[in-house]
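**Student:** Got a structure for you, questions after.
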Amino acid sequence: MGSLGFECQFCKEILRSEQGYKNHLSKEHEVRGNEIFNYDRFLFLTRDVTNELKWSIKKEGIPKDIRQEINKRDRGRCYICERFKHYTIHHRIPNGEANKENLFTLCLRCHNLVHIVLFLDGKWKNPGHSSKVGGWL
């Protein structure tokens, strides 16, 4: 929730409460429960990622102040589906820097989905594992 309230991801209307936000999504956009899935945001996190990233290269840790800024910016919600629960901070460029432009909060479901797509697209290379569905998944 921002200082003004909850912003609708579809029409940018500001709602004052979480319940008002849910009612708005249901009535105006026919979205019910946890059906929200922002495909454009999903593509943003899976496109333009370098091919053949190595699992052995360690990503940069996330300093506490940057982590707090990311949580505030994303309102403690998943960047893709806007769930509140069980989120992690994802590096868009997996071995990239720990800065605000490269970090996004994702729930565990969306985080796993992003990594599966990166793996199946051949962007992640892990010795000893096949990118075929039977290999790693």
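Laboratory data are not the source of any read-out in this text; all were calculated from the coordinates shown. Since this is a predicted model, take the numbers as computed values, not measurements.
**Student:** In sequence order, what are the phi-derived ³J(HN,Hα) couplings for segment 61-68 according to the Karplus relation 6.51 cos²θ - 1.76 cosθ + 1.60 with θ = phi - 60°, rounded to whole Hz, with x for glycine and proline?
**Tutor:** x, 9, x, 4, 5, 5, 4, 5
**Student:** Another question, if that's okay. Quick one: of K64/K123; K22/K72; K100/K123; K59/K123, which pairs are farther than 26 Å apart, Cα to Cα?
**Tutor:** Details: K64/K123 29 Å; K22/K72 20 Å; K100/K123 22 Å; K59/K123 15 Å.
The answer is K64/K123.
**Student:** Now, a different point. If the chain between L108 and E69 were fully stretched, how many nm would it gain, using 0.36 nm times the residue separation less the Cα-Cα distance?
**Tutor:** Length gained between L108 and E69: 12.1 nm.
**Student:** For L15, list long-range residues whose amide hydrogen, built 1.01 Å from N in the peptide plane, is under 5 Å from its own amide hydrogen.
**Tutor:** When sequence neighbours closer than 5 places are left aside, the close amide H contacts are F6, E7, C8.
**Student:** Can you give the extra length, in nm with one decimal, that the chain gains between E28 and I14 once fully stretched, where that is 0.36 nm per residue apart less the Cα-Cα distance?
**Tutor:** Length gained between E28 and I14: 3.7 nm.
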